[in-house]
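To start, the structure under review is shown below, and the notes come after it.
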Amino acid sequence: MERKWWHEAVVYEIYCKSFCDSDGDGIGDLRGVISKLPVLKELGINCIWFAPIYKSPQVDNGYDVADYQDIEPDYGTLEDFKELLDLAHSMGIRVIMDMVLNHSSDEHRWFQESRKSKDNPYRNYYIWQPPKADGSEPNNWGNYFRDGNGSAWEYDELTGEYYLHQYAKKMPDLNWEYEPLRKEVYKMLHWWLDFGVDGFRLDVFTRFKKPEGFPDTKKAPNVILDRNGFIMDNTMCLNVEGIHEILHELYTEVFGTRECMTVGEGAGVTSQNALGYVAKEREEIDMVYHFELSHRKLFSMTPEHFRKVQTEWADVFRHNGWAVQYMSNHDSARQVSVYGSDGIYRMPSAKLLATLIHTSPGTPFIYQGEEIGMVNVEFDDIKDHNCCYTVGDYNSMIQSGMSAEEALKIVGPRSRDNARTPYQWDASKHAGFTTGQPWMKLNPRYTEINLEADRKSEDSIFAYYQEMIKLRQTHPAIIEGDLRFLLEDHPQIIMYLRECEKETLLVIANYSNEKISLQLPEDIRSGKWQRVITNVKGTIPSVDGRDYLLPWETEVYSNTK
Ligand code: GLC
């Protein structure tokens with residue numbers, strides 16, 4: 001395999017709105033990010049993924065783009081971004097942009113034109129359909145945000161037709177069938193590469209192609225969440241035949257002609273179809289992240305699940321393609337709350353999760369705040385929530401007769417808002433995020449959980465991440481090693497080897513709140529292992545006469561050949 005920079009990278013996602021506010025308006029901004037670049041350097045990451053920072057009405061916090069070639073005024077200007085980019089590059093940090101190409105905002109110039117008349121030159125940039133004979137929507141598709149009346153189609157009086165929006169009604173889908181639109185997108189992508197960015201994260205790329213003729217979905221409605229008979233079937237525009245032609249053209253027109261990395265958000269990408277997108281000879285994209293290890297609706301994980309998913313995907317990418325390793329991002333709840341433990345075991349469990357991600361095959365992606373063990377938040381009023389998914393789900397539940405309290409209990413723990421509360425820099429007012437009024441309520445645990453507190457301690461989660469990230473540069477097995485699980489039926493212990501020519505790594509993790517007895521297999525015990533990282537100081541289990549692992553203990557050993 002030809003080694004590329006992104007095989008060695010550790011990517012850090014910044015959700016600008018909640019990262020750091022430099023001007024006191026309560027909203028994170030680019031100058032705030034500039035001021036914190038030294039912290040990211042200290043952490044050791046070498047690539048930033050910016051969730052969308054383009055000009056946007058912020059219906060979906062930037063995933064509704066009004067101008068792909070301008071910066072959201074609340075975040076700053078293109079000049080600020082250029083400064084940030086140059087500074088990041090001078091520090092050895094690359095920057096990739098989130099490209100939202102399935103849809104734009106209805107405030108984008110293209111859509112403003114498109115809706116004007118049926119013969120407007122921009123009409124076909126979007127997907128318009130006439131009403132059915134009775135005037136109703138072209139089909140029974142529901143939108144994913146349960147926005148408006150629930151339909152994925154919005155009627156536009158001016159021309160008497162409906163436009164498609166898989167997400168909010170202010171987020172119309174772009175029409176990838178239409179060549180002038182595609183050409184305009186390619187031009188824009190080249191413009192960003194000329195600007196100096198190092199690649200793109202492709203938002204919901206598996207949904208670009210729509211099924212021929214827009215047939216009704218046959219899925220049975222789900223009475224709580226499907227509104228007014230519109231069925232929210234998230235497979236309706238997923239991996240539709242023809243999607244590969246679109247991606248291949250993107251590659252031949254843009255990605256393959258420039259030095260750039262592409263990582264796709266793989267909704268509906270499975271171990272069966274993944275190589276269709278990322279195998280080198282396909283000439284589509286470099287990496288894809290899937291939703292099988294962790295996703296918004298998975299409330300826990302088991303060692304069995306971890307082993308199954310990682311084994312399956314390591315097989316897929318053994319000789320071709322490349323994996324992304326992550327447990328959370330701006331679309332999920334906080335990983336330590338969901339897959340770890342956010343009470344007394346918050347510290348060891350956050351470190352254990354980091355170990356699993358950073359020692360599994362692929363490129364690790366960190367989401368802001370993960371490196372200090374930020375946890376889920378509990379709001380007791382829907383008004384404190386911002387995420388359109390959460391609010392849409394909540395409204396559907398209320399509409400179906402549920403009480404406010406019950407609905408909040410269901411939507412709260414899985415809400416994307418858990419990840420979106422402002423970053424906790426220190427214990428001062430508003431956690432040092434802003435001197436003004438924060439755009440979103442902070443997690444009240446910020447006085448205990450914050451970066452400043454972490455930096456004061458050698459045992460902190462932040463310090464552990466620093467150590468973990470460094471290992472990537474010094475232990476070839478982390479990047480190249482084959483994956484092999486040991487103790488394959490163990491209900492609490494996750495144990496695996498990463499083996500390459502130069503080195504074998506042994507990773508041990510007690511995925512539980514209990515003290516668990518452990519006898520290492522004989523061949524492992526007799527090996528010449530050196531401990532390279534642990535979240536528990538002291539004796540080596542099973543070797544120094546200690547035959548147990550502490551709750552959430554994790555250990556990594558290396559045996560060099
Ligand atoms: C992706 C983004 C998510 C957004 C959606 C629509 O899933 O990660 O935040 O809401 O696409 O753009």
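At a glance:
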{"read-out": "Members of the range 535-561 found to be buried (at least 20 other Cβ atoms within 10 Å of the Cβ) and not aliphatic (A, V, I, L, M), listed by number", "value": "Asn535, Pro541, Trp552, Glu553, Thr554, Glu555, Tyr557, Ser558"}
{"read-out": "So Asn320, is it out of contact with any Ser or Thr (no Cβ under 9 Å at 6 or more places or on another chain) and of a type outside the set (A, V, I, L, M, F, W, C)", "value": "yes"}
{"read-out": "Meets criteria (crowded, with 20+ Cβ neighbours inside 10 Å, among the hydroxyl-bearing types (Ser, Thr, Tyr) and over 24 Å from Tyr345 (Cβ atoms)) for Thr504", "value": "yes"}
{"read-out": "Only one of Asn124, Asn120 that is surrounded by fewer than 23 Cβ atoms within 10 Å (Cβ to Cβ), assigned to a loop (DSSP other than H, G, I, E, B) and modelled with pLDDT of 95 or more", "value": "Asn120"}
{"read-out": "Filter result (in a loop (DSSP other than H, G, I, E, B), within 14 Å of Pro172 (Cα to Cα) and of a type outside the set (Val, Ile, Thr)) within the range 127-145", "value": "Asn143, Tyr144, Phe145"}
{"read-out": "Scope the range 164-178; condition out of contact with any Pro (no Cβ under 9 Å at 6 or more places or on another chain), within 14 Å of the ligand (Cβ to nearest atom) and in a loop (DSSP other than H, G, I, E, B); matching residues", "value": "Gln166, Tyr167, Ala168, Lys169, Met171, Pro172"}
{"read-out": "Within the range 82-108, tally of residues that are in a helix (DSSP H, G or I) and either of a type in the set (Lys, Arg) or under 22 Å from Glu265 (Cβ atoms) (or both)", "value": "1"}
{"read-out": "Segments classed as helices (runs of 4 or more DSSP H), wholly inside the range 459-561, with at least 1 members that are touching a residue at least 24 places away in the same chain (Cβ under 8 Å) and farther than 20 Å from Thr311 by Cβ", "value": "461-474, 476-480"}
{"read-out": "Residue identified as of a type in the set (D, E, K, R), touching a Cys at 6+ places or on another chain (Cβ under 7 Å) and more than 16 Å from the ligand (Cβ to nearest atom) among Arg94, Arg123", "value": "Arg94"}
{"read-out": "Residues located in the range 377-406, provided they are more than 16 Å from Asp226 (Cβ to Cβ), away from the ligand (no atom under 16 Å from the Cβ) and either modelled with pLDDT of 95 or more or surrounded by 14 or more Cβ atoms within 10 Å (Cβ to Cβ) (or both)", "value": "Val377, Glu378, Phe379, Asp381, Ile382, Lys383, Asp384, Ser403, Ala404, Glu405, Glu406"}
{"read-out": "Matching residues, the range 324-337, being away from the ligand (no atom under 14 Å from the Cβ) and either outside any helix (DSSP H, G or I) or within 21 Å of Glu312 (Cβ to Cβ) (or both)", "value": "Gln325, Met327, Arg334, Gln335"}
{"read-out": "Odd one out for Leu353, checked against (1) within 16 Å of the ligand (Cβ to nearest atom); (2) farther than 22 Å from Cys16 by Cα; (3) not charged (D, E, K, R)", "value": "(1)"}
{"read-out": "When residues of the range 293-323 are limited to those that are part of a loop (DSSP other than H, G, I, E, B) and small (Gly, Ala, Ser), the one nearest to the chain's Cα centre (by Cα)", "value": "Ser294"}
{"read-out": "Count of residues meeting criterion [in contact with a strand residue (DSSP E or B) (Cβ under 6 Å, 6 or more places away or on another chain) and within 17 Å of Asn273 (Cα to Cα)] in the range 231-248", "value": "1"}
{"read-out": "Meets criteria (of a type in the set (S, T, N, Q) and away from the ligand (no atom under 16 Å from the Cβ)) for Gln112", "value": "yes"}
{"read-out": "Residues being over 18 Å from Met171 (Cα atoms) and without any contact (Cβ under 8 Å) to a residue 40 or more places away in the chain - total across the range 200-252", "value": "18"}
{"read-out": "Residue in the range 190-197 that is within 16 Å of the ligand (Cβ to nearest atom) and out of contact with any Pro (no Cβ under 7 Å at 6 or more places or on another chain) present", "value": "no"}
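The values are calculated or read from the model by the stated rules, or taken from the named source; none is laboratory data. Fair warning: this is a prediction, and the values are worked out from it, not measured in the lab. Positions of Cβ are backbone-derived with ideal geometry, glycine not excepted, and every protein chain shown enters the neighbour counts.
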